[in-house]
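*Asks:* Have a look at this one.
The values are calculated or read from the model by the stated rules, or taken from the named source; none is laboratory data. It should be emphasised that the depicted structure is a prediction, and the values quoted were computed from it without experimental measurement. As a convention, Cβ positions derive from the backbone with ideal geometry for all residues, glycine included, and neighbour counts pool all protein chains shown. Quick note on the areas: whole protein, heavy atoms, side chains included, nothing else; ligands and nucleic acids left out. Shrake-Rupley method; radii C 1.70, N 1.55, O 1.52, S 1.80 Å.
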Amino acid sequence: MLKTLRWLLSLMLLVGAAGAGATGTATAAGGPAGADTTSAGTTGADTAGTDIKDRILAIPGMSLIEEKPVSGYRYFVLDYTQPIDHRRPWKGTFQQRLTVLHKATDRPTVFFTSGYGLSTNASRSEPTRLIDGNQVSMEYRFFTPSRPAEPADWSKLDIWQAASDQHRIFRALDRIYHRNWIDTGGSKGGMTATYFRRFYPNDMDGTVAYVAPNDVVNKEDSAYTKFFETVGNADCRAALNAVQREALVRRDEIVARYQRYADTNSLTFTTVGSADKAYENVVLDLVWAFWQYHLESECPTVPKPTATTDELYSFIDTISGFDFYTDQGLSYYTPYYYQAGTQLGAPTFATPHLKGLLRYPGIYQPRSYVPRSIPMTFQPWAMPDVDNWVQHHAQRVLFVYGTNDPWGAEPFRLGKGAKDSFVMWAPGANHGANIAKLNPADNAKATAEVLKWAGVTPGTTLAPFNAKLDVRDDVMERRPL
């Protein structure tokens, strides 16, 4: 269930983008009471004629970590002082990291978030290149180092608080970057971009949300079971199910090897409970992770059930990853799993071919991956609220999915109330689906819409490909998103 997470992070660091034209007073229309609708403090920041670094650092609460050289841009790694609780800003603050890839103040801006941590190496999301604009990237709250001091109040990690972080950053920078804004992100970043629009619908001029799951009713996951019964071709599905079953048939032999590996590398299993429990999770990830990160053309690489244990071990490690369910592998993703277990929901699916081989019923869920010292209570109203907004109030939102991506089994859908919004599917694509992978007609339509939202004249020369900024790292996060 979580193999996805690790690979997802890189995807989200590179696929999403954010932004949208400010409309003056941004309000949390329909949001929780207490939403911050005041300026984040931009006194002096919009003074023309000064160096861009000086203008950014004139924003109260903004501080420079470092400036890095990037050809054709100025690139800043920054800290911004945020309230721990936007409803009670006097209750303490934390430092949130962000980066600014500056091209020009007369260009549109993309606001990108992965929904996870922040890479401080410069990169461009797909929308940033399409509109040839600036890019602001934000680290999600509670991901190290953008987290309150210990002992942290985990109840302040929710989608509204995170959207309010993004709102304050937008308000702080909008005086400088006063052209149109588009927000974006992939996977959890795509979810984050959508939630931001739900709570602050007037901040952005458009949203491009890539491969964003929409688990409206957490306990109703039959769509995932159906996906695995129909994805790809029958021979490939049978081969994956067979090797997954064989991995559990040989579990004692492989778990002993797994434990030796952990001991040698000082890896522990306190959170999950044991190497055997961790292994069951690793194996349950196997089929999901294959479809999330690989293509149907790779089906011939799936080993036969008669493969040697060495071959089986290597395949499992390549697809699922033995490190992930160790304490050391899970610790980075604790904020994600906390949110999955309190608001976002998490997928489940039937595995009848594994009958009699699973030892720990119910282990494959977020509570298993968060230390017990952190309390978790699920809020079943959070996702239906967002889904209702998307269906009935979304404006200028583009959702992009891959037809072979398990996370697309429960996508966002548009209702009659949505305007100038689209859901598009990239044929045969996995969790790396983007506009470039859409069929030609959809590609042209999506590109035209993004340019329109950004206020860019169609036919304008877009940013040329840059090998350093635009090459995606396809090692994304883990299956959690």
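*Asks:* Got the relative contact order for the chain handy, in percent, Cα pairs under 8 Å and 6 or more residues apart?
*Replies:* Computed over the chain, the figure is 24 percent.
*Asks:* Any idea of the accessible area per residue across the chain, 1.4 Å probe, to the nearest Å²?
*Replies:* 37
*Asks:* Let me check I have the definition right: for segment 272-411, take the eigenvalues of the Cα gyration tensor, multiply each by 5, take square roots. What are those semi-axes in whole Å, largest first? Let's see the in-between values first.
*Replies:* Values: eigenvalues 175, 98, 35 Å².
Listed largest to smallest, the semi-axes of segment 272-411 are 30, 22, 13 Å.
*Asks:* I would also like to ask the following. Rounded to the nearest 500, what is the 222 nm mean residue ellipticity of the chain from helices alone, with -39500 (n - 2.57) per DSSP H run of 4+ residues and division by all residues?
*Replies:* It lands at -10000 deg cm²/dmol.
*Asks:* Taking 0.36 nm per residue of sequence separation and subtracting the Cα-Cα distance, how much length would be gained by fully extending the chain between residue 448 and residue 331, in nm to one decimal?
*Replies:* Computed gain between residue 448 and residue 331 is 38.0 nm.
*Asks:* Just add up the charged neighbours of residue 71: K/R +1, D/E -1, any other residue whose Cβ is under 13 Å from the Cβ of residue 71.
*Replies:* +4
*Asks:* How many percent of all Cα-Cα pairs in segment 352-481 sit more than 26 Å apart?
*Replies:* 45
*Asks:* Further question: Calculate the tail of P(r) for segment 349-391: the fraction of all Cα-Cα distances greater than 12 Å, expressed in %.
*Replies:* 75
*Asks:* Using amide H atoms built in the peptide plane, which far-off residues or other-chain residues are under 5 Å from residue 65 H to H?
*Replies:* Correct list: 77, 78, 79.
*Asks:* Excluding residue 201 itself, calculate the net charge of residues whose Cβ lies under 14 Å from the Cβ of residue 201, where each Lys or Arg counts +1 and each Asp or Glu counts -1.
*Replies:* Cβ neighbours under 14 Å give a net charge of -1.
*Asks:* Which cross-chain or sequence-distant (5 or more) residues have an amide H under 5 Å from the amide H of residue 132, H modelled 1.01 Å from N in plane?
*Replies:* Residues meeting the criterion, in which the H sits 1.01 Å from N, are 463.
*Asks:* Loop-only trypsin sites (Lys or Arg not before Pro) in segment 335-397, please: DSSP not H, G, I, E or B, and at most 14 other Cβ atoms within 10 Å.
*Replies:* Those satisfying the criteria are 355, 359, 372.
*Asks:* For segment 377-386, in order, what is each residue's ³J(HN,Hα) by Karplus, 6.51 cos²θ - 1.76 cosθ + 1.60 with θ = phi - 60°, in whole Hz (x at glycine and Pro)?
*Replies:* These are the phi-based 3J(HN,Hα) values: 9, 6, 10, x, 8, 5, 6, x, 4, 5 Hz.
*Asks:* At q = 0.15, 0.17, 0.20 Å⁻¹, what base-10 log of I(q)/I(0) does the Debye formula yield for segment 160-316 when every alpha carbon is treated as an equal point scatterer in vacuo?
*Replies:* -0.93, -1.02, -1.18
*Asks:* If you don't mind, there's one more thing I want to ask. Give me the dipole magnitude in Debye, nearest 20, for the chain about the Cα centre, with unit charges on the beta carbon: positive for Lys and Arg, negative for Asp and Glu. Mind dumping the intermediate values first?
*Replies:* Numbers: 49 positive and 50 negative charges, 123 e Å.
For this selection, approximately 580 debye.
*Asks:* With a 1.4 Å probe and all protein chains in place, put 393, 294 in order of accessible area, largest first.
*Replies:* The ranking, largest first, comes out as 393, 294.
*Asks:* Now for a different question. With θ set to phi - 60°, apply the Karplus curve 6.51 cos²θ - 1.76 cosθ + 1.60 along segment 309-321 and write out the HN-Hα couplings as whole Hz, x wherever there is a Gly or Pro.
*Replies:* Calculated HN-Hα couplings, in order: 4, 4, 5, 5, 4, 5, 5, 4, 5, 5, 7, 9, x Hz.
*Asks:* Residue by residue, what Karplus-based ³J(HN,Hα) values in Hz, rounded to whole numbers, does segment 210-219 have, using 6.51, -1.76 and 1.60 with θ = phi - 60° and x for Gly and Pro?
*Replies:* Here the 3J(HN,Hα) series is 8, 6, 8, x, 9, 7, 5, 10, 4, 7 Hz.
*Asks:* Grab the other residues whose beta carbon is less than 9 angstrom from that of residue 120, score K and R as +1, D and E as -1, and report the net.
*Replies:* +1
*Asks:* Follow-up. Using amide H atoms built in the peptide plane, which far-off residues or other-chain residues are under 5 Å from residue 93 H to H?
*Replies:* Result for residue 93 returns 84.
*Asks:* Ignoring the sites themselves, what is the longest stretch of the chain with no chymotrypsin sites (Phe, Trp or Tyr not before Pro) in a DSSP loop and at most 14 other beta-carbon atoms within 10 Å?
*Replies:* Between exposed loop sites, the widest span is 1-380.
*Asks:* How large is the Kirkwood hydrodynamic radius of the chain, counting all unique pairs of alpha carbons, in Å?
*Replies:* Radius from the Kirkwood sum: 22.7 Å.
*Asks:* In whole Å, what are the Cα extents of segment 291-352 along the three principal axes, biggest one first?
*Replies:* So the extents along the principal axes, rounded to whole Å, are 41, 25, 24.
*Asks:* Carbon and sulfur together cover what percent of the accessible area of segment 294-366 at a 1.4 Å probe radius? Could the numbers behind the result be given before it?
*Replies:* On the way: 1820 of 3150 Å².
Ligands and nucleic acids excluded, carbon and sulfur reach 58 percent.
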